[in-house]
Amino acid sequence: MAVPMALTAFTGKTLDDRGVQDFEDLAPLTPGFLVQSPSPNAPSFVIRGISSNSGEATNEPRVSVFQDGVSISKSRGSYVELFDLERVEIAKGPQSTLYGRGALIGGINLIQNKARLGLFEASARAEGGGYGYRMGEAVVNAPVGGTLALRLAARLKQRDGYIDNLLGGKAFNGVVTQAYRAALNWSPGAALRVDVIGNYQKDRHPGTGFTSLTYEQTDPVTGRVLASRENWRGVASIAAPGFESSGALGLHREVWGGCGHRALADQQPFEPALH
């Protein structure tokens, strides 16, 4: 029986041509889909006006995120770089039958490029821009014998912050991200294919510039007014004693992930085997 559903899909080439690097870049291209990400540690995915923005580990998301069918829906680890993808699918509306109870409002599925047998290819690109923005990305696919293939992909991205820290130090809302992926394909015969993919991402952002719309920015020690309430005039934030083991403000996040797929000759698409 065929069941209709509202689905928006983009190929990896379309994402590259449009310059899509993360979910926030994807949202303007997708009707009914909005992403708010003051920090990769606390994203908010909104589908048809209903949000999923709780960071509590015990809460079920209402918009689920998947990598090759494997859930990465908990908010602390769901916001990942979009690179070297085969396609992205965004299913809008209740999708609990297809994606489980965490997809009450919708589901986002990232289908990553797998390693390809008998093919050597390599590509690289770099970008630069204002606020010290620089991004480098590289992909290599190489055969390893007759039945194995390995694919490696990486992205390094950095941008200075654009909201001044009125108490000194790095400006807020900067970006420091490293993302790596390794994919292995083993095809011992025409009837069997096994794919294994591992992901690692590290974020070291200097922090998000949150301001009060009620109180002026003041020195926490002297009480001296440093700036008015407008957030473009800077932010006066400092880590309190004992905050995160007396560490500095900012995001220190590391995300690991892995999945395996197996397929017989008559099985399409590949079925998730482990995570």
* Asked: Is it true that some residue in segment 72-86 is in a strand (DSSP E or B), under 19 Å from Ala179 (Cβ atoms) and modelled with pLDDT of 90 or more?
  -> yes
* Unmet criterion (only one of (1) modelled with pLDDT of 95 or more; (2) surrounded by fewer than 19 Cβ atoms within 10 Å (Cβ to Cβ); (3) not polar (S, T, N, Q)) for Ala149 -> (2)
* Structure fact -> Of the residues in segment 221-236, those that are under 24 Å from Tyr79 (Cβ atoms) and at pLDDT below 80 come to Asn231
* Name every residue in segment 163-192 that is of a type in the set (A, V, I, L, M, F, W, C) and in a strand (DSSP E or B), in order of residue number. => Ile163, Phe172, Val175, Val176, Ala179, Ala182, Ala183, Leu184, Trp186, Leu192
* State yes or no: is Val63 of a type in the set (A, V, I, L, M) and at pLDDT 85 or above? => no
* Structure fact -> Across (1) at pLDDT below 85; (2) out of contact with any helix residue (DSSP H, G or I) (no Cβ under 6 Å at 6 or more places or on another chain); (3) of a type in the set (A, V, I, L, M); (4) surrounded by 15 or more Cβ atoms within 10 Å (Cβ to Cβ), Ala183 clears everything bar (1)
* List every residue pair whose Cβ atoms sit under 9 Å apart, with the two residues 6 or more apart in sequence or on different chains, where the first one lies in segment 1-24 and is more than 18 Å from Glu137 (Cβ to Cβ) and surrounded by 13 or more Cβ atoms within 10 Å (Cβ to Cβ) and the second, anywhere, is among the hydroxyl-bearing types (Ser, Thr, Tyr) and at pLDDT 90 or above. => Thr8/Thr30
* Has segment 267-274 got any residue that is over 25 Å from the mean Cα position of the chain (by Cα), within 25 Å of Asn41 (Cβ to Cβ), surrounded by fewer than 16 Cβ atoms within 10 Å (Cβ to Cβ) and at pLDDT below 85? -> no
* Structure fact -> Residues of segment 1-37 being touching a Gly at 6+ places or on another chain (Cβ under 9 Å) and not aromatic (Phe, Trp, Tyr), in sequence order, are Met5, Ala6, Thr8, Asp25, Gly32, Leu34
* Name, by its number, the condition in (1) at pLDDT below 90; (2) in contact with a Phe, Trp or Tyr (Cβ under 9 Å, 6 or more places away or on another chain) that does not hold for Val196. => (1)
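Condition check ((1) within 23 Å of the chain's Cα centre (by Cα); (2) among the basic types (Lys, Arg); (3) not assigned by TED's automatic domain parsing to the domain that holds Ser64) across all residues:
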{"position": "Ala126", "(1), (2), (3)": "yes, no, yes"}
{"position": "Ala138", "(1), (2), (3)": "yes, no, yes"}
{"position": "Ala142", "(1), (2), (3)": "no, no, yes"}
{"position": "Arg151", "(1), (2), (3)": "yes, yes, yes"}
{"position": "Tyr162", "(1), (2), (3)": "yes, no, yes"}
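The values are calculated or read from the model by the stated rules, or taken from the named source; none is laboratory data. The model shown is predicted, which means the values in this text are computed figures rather than measured ones. In this analysis, Cβ positions are derived from the backbone assuming ideal geometry, glycine residues included, and neighbour counts consider all displayed protein chains.
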